[in-house]
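Below is one structure, written out as structure tokens; the observations come after it.
The values are calculated or read from the model by the stated rules, or taken from the named source; none is laboratory data. Everything numeric in this text was worked out from a predicted model, so none of it was measured. Here the Cβ positions follow ideal geometry from the backbone for every residue, glycine too, while neighbour counts run over all protein chains shown.
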């Protein structure tokens, strides 16, 4: 998520804050977990956004907005550059996914760059670190490839937050085609799918909250709770028949679990897994690895917002912390 762009959209996060406060009161009655720190990155100014995991090599990949690169964190905690800054024309890196030994990375020109306005998907072979393909949208309008979901058949659905639509990259192609036309969904962000992959599930920045989209009919429906409005999800993931979301637009920031109904159209139960810990400083995304959820605790994204690509207060930056919790 590029939170600076989301928060500017007509103040919706403020409008709905009352709902989220009520939601927190309900959820706070549940016992919360104490997350474990799994990695600490001493390079304080990376400003990470996306995180994913490669099971075969036991490697965590971390994207950098500020330094236009992708880091690799080995099982023993060694940190290295998987894609060095700017290599292969990579821009500010956001959401990432691993699929069939490849790393897919959403990346875009900086917000302050109003000329190029380029949105990319870079696909890398993990074993060789070589670029497999680069898919680019550059049509003179604003796009922001934010996050993506790759189906078991290899089709990739990409949220275009600034374009308010969703793109589709069909398996085996190197072209992004509109799936949900621009201007349809306000600030689509985190994305996952139902277990049968007949629908994708997308968090939005507007009154639709979290929505499901039928892949055949393209029908868009809000996923509702009987009493509360759900907003503020950045990273969004499915674990069994539950949604796991990273909530950072409203406060308190937290990792939230939402139980889905059998038809995937209703949230029947909600609880905070983690909320308000000292390590939090705009958590953004996470990744499910088995029964564990790894997440970025402190992206420190507000250090970069509205400052023409420069860190506001470098002396206040902290080491980036990756944490995990159990989903069982």
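Scan the strands (runs of 3 or more DSSP E) fully inside segment 92-183 and keep the ones with 2 or more residues being more than 19 Å from residue 201 (Cα to Cα). Please lay out each step first, then the result.
On the way: elements: 92-99, 102-108, 119-125, 131-137, 145-150, 156-160, 165-169, 177-180.
Fully inside segment 92-183 and qualifying: 92-99, 102-108, 119-125, 131-137.
Can you pull out the residues in segment 286-313 that are part of a loop (DSSP other than H, G, I, E, B), out of contact with any helix residue (DSSP H, G or I) (no Cβ under 6 Å at 6 or more places or on another chain) and within 18 Å of residue 111 (Cβ to Cβ)? Walk me through how you get there before you give the answer.
Quick first cut of segment 286-313, residues part of a loop (DSSP other than H, G, I, E, B) only: 290-291, 297-300, 304-313.
Applying the additional criterion that residues be out of contact with any helix residue (DSSP H, G or I) (no Cβ under 6 Å at 6 or more places or on another chain) yields 290-291, 297-300, 304, 306-310, 313.
Across segment 286-313, the qualifying residues are 299, 300, 304, 306, 307, 308, 309, 310.
State all residues of segment 244-261 that are over 26 Å from residue 300 (Cβ atoms) and either in contact with a helix residue (DSSP H, G or I) (Cβ under 8 Å, 6 or more places away or on another chain) or buried (at least 16 other Cβ atoms within 10 Å of the Cβ) (or both); if no residue qualifies, say none. Walk me through how you get there before you give the answer.
Here is the first cut: in segment 244-261, the ones over 26 Å from residue 300 (Cβ atoms) are 258-261.
258, 260 - these are the residues of segment 244-261 that are over 26 Å from residue 300 (Cβ atoms) and either in contact with a helix residue (DSSP H, G or I) (Cβ under 8 Å, 6 or more places away or on another chain) or buried (at least 16 other Cβ atoms within 10 Å of the Cβ) (or both).
Among the numbered criteria (1) surrounded by fewer than 22 Cβ atoms within 10 Å (Cβ to Cβ); (2) on the phi < 0 side of the Ramachandran plot; (3) free of Cβ contacts under 8 Å to residues at least 40 places away in the same chain, which single criterion is violated by residue 212?
(3)
Are any residues in segment 184-208 at positive phi and surrounded by 22 or more Cβ atoms within 10 Å (Cβ to Cβ), and if so, which ones? Walk me through it before giving the result.
The first filter runs over segment 184-208 and keeps only residues at positive phi, leaving 187, 197.
Matches in segment 184-208: 187 only.
Touching a strand residue (DSSP E or B) at 6+ places or on another chain (Cβ under 9 Å) and in contact (Cβ under 8 Å) with a residue 12 or more places away in the chain, is that true of residue 205? Reasoning before the result, please.
On the way: touching a strand residue (DSSP E or B) at 6+ places or on another chain (Cβ under 9 Å): no; in contact (Cβ under 8 Å) with a residue 12 or more places away in the chain: yes.
Considered against the rule, which asks whether it is touching a strand residue (DSSP E or B) at 6+ places or on another chain (Cβ under 9 Å) and in contact (Cβ under 8 Å) with a residue 12 or more places away in the chain, residue 205 comes out as no.
Could you say which residue among 154, 190, 232, 206 is over 14 Å from the mean Cα position of the chain (by Cα) and closer than 24 Å to residue 253 by Cα?
Working: 154 fails: closer than 24 Å to residue 253 by Cα; 190 fails: over 14 Å from the mean Cα position of the chain (by Cα); 232 fails: over 14 Å from the mean Cα position of the chain (by Cα).
The unique qualifying residue is 206.
Any idea which of 75, 33, 9 is farther than 30 Å from residue 102 by Cα, more than 21 Å from the chain's Cα centre (by Cα) and modelled with pLDDT under 95?
Details: 75 fails: farther than 30 Å from residue 102 by Cα; 9 fails: more than 21 Å from the chain's Cα centre (by Cα).
Matching residue, one of 75, 33, 9: 33.
Looking at segment 227-278, what strands (runs of 3 or more DSSP E) fall wholly within it and have at least 3 residues that are in contact with a strand residue (DSSP E or B) (Cβ under 9 Å, 6 or more places away or on another chain) and over 20 Å from residue 206 (Cβ atoms)?
Output list reads 233-239, 254-260, 266-275.
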